[in-house]
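The values are calculated or read from the model by the stated rules, or taken from the named source; none is laboratory data. What you are looking at is a predicted structure, and each value in this text was computed from that prediction instead of being measured. Here Cβ is always computed from backbone atoms with ideal geometry, including for glycine, and neighbour counts include all displayed protein chains. We work out accessible area using only protein heavy atoms, side chains counted, and drop any ligands, DNA or RNA first. Shrake-Rupley method; radii C 1.70, N 1.55, O 1.52, S 1.80 Å.
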Amino acid sequence: MSENKRISALYQSIYNGNPWLEVNLADTLKNVNAEQAYRKINPNLNTIWEIVNHLIQWRRNILQRMQGETIITPDHNYFVPVLDPSEAAWEQSLQTLAKTQEAWNTFFEDFDDADLTKIYVNNGHTYYEHIHGIIQHDVYHLGQIVILKKML
């Protein structure tokens, strides 16, 4: 199996498979409604919804980098308040998260292992580091979501 296929399988498992850490994004978010996702547990913590939107934007950011685009991360680091707390808007966020997974799956279908050593010019990190970085990023925030969900 090629390296990109192994990485793709790992990333897919974190989204909706059976990863080593025993939780995944889709199952963790499955029974969270808009009111719960929007609830501010603590003024110093992000909401589940804010974290989901942050994940969406970072997934897009890194994928665009892997496609050769130069991306500047905004000062707010993709943590922005949710303006529409409706159930329809929450469902849209969940669907957008799923679409980012589909976009990554499509990316990996044609990705060449030789490109893992390519350097992203803006920060000097390899594509390999970026791809594993976004996986680690998802897992980090998945842990936060799990804890916030338990606090609801």
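Structure values in brief
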quantity: Check on Glu102, open to solvent by 30 Å² or more (accessible area, probe 1.4 Å) and in contact (Cβ under 8 Å) with a residue 24 or more places away in the chain; calculated: no
quantity: Qualifying residue in the range 83-100 (condition: closer than 18 Å to Gln144 by Cβ and over 15 Å from the mean Cα position of the chain (by Cα)); calculated: yes
quantity: Subset of the range 93-110 [among the acidic types (Asp, Glu) and within 30 Å of Gln36 (Cβ to Cβ)]; calculated: Glu102
quantity: Residue in the range 111-152 that is most open to solvent (accessible area, probe 1.4 Å), counting only those that are among the β-branched types (Val, Ile, Thr) and closer than 22 Å to Arg39 by Cβ; calculated: Ile147
quantity: Any pair with Cβ under 9 angstrom, 6 or more apart, that starts in the range 1-17 at a residue that is touching a residue at least 60 places away in the same chain (Cβ under 8 Å) and ends at one that is among the basic types (Lys, Arg) and surrounded by fewer than 14 Cβ atoms within 10 Å (Cβ to Cβ); calculated: none
quantity: Residue match in the range 22-42 (condition: part of a helix (DSSP H, G or I), under 22 Å from Ile134 (Cα atoms) and either aromatic (Phe, Trp, Tyr) or open to solvent by 70 Å² or more (accessible area, probe 1.4 Å) (or both)); calculated: yes
quantity: Where Ile51 falls short, out of the listed (1) outside any helix (DSSP H, G or I); (2) under 12 Å from Asp138 (Cα atoms); calculated: (1)
quantity: Residue match in the range 97-120 (condition: under 22 Å from Asn46 (Cβ atoms), of a type in the set (Phe, Trp, Tyr) and part of a helix (DSSP H, G or I)); calculated: no
quantity: Pairs where the first residue, in the range 124-152, is under 15 Å from Val52 (Cα atoms) and the second is open to solvent by 70 Å² or more (accessible area, probe 1.4 Å) and in a helix (DSSP H, G or I), C-beta under 8 Å, 6+ apart; calculated: Ile135/Leu10
quantity: Residue list for the range 64-90, restricted to those being part of a helix (DSSP H, G or I), open to solvent by less than 90 Å² (accessible area, probe 1.4 Å), free of Cβ contacts under 8 Å to residues at least 60 places away in the same chain and not polar (S, T, N, Q); calculated: Ala88, Ala89, Trp90
quantity: Matching option when the condition is within 16 Å of Gln67 (Cβ to Cβ) and either over 11 Å from the mean Cα position of the chain (by Cα) or not basic (Lys, Arg) (or both), among Asp138, Asp110; calculated: Asp110
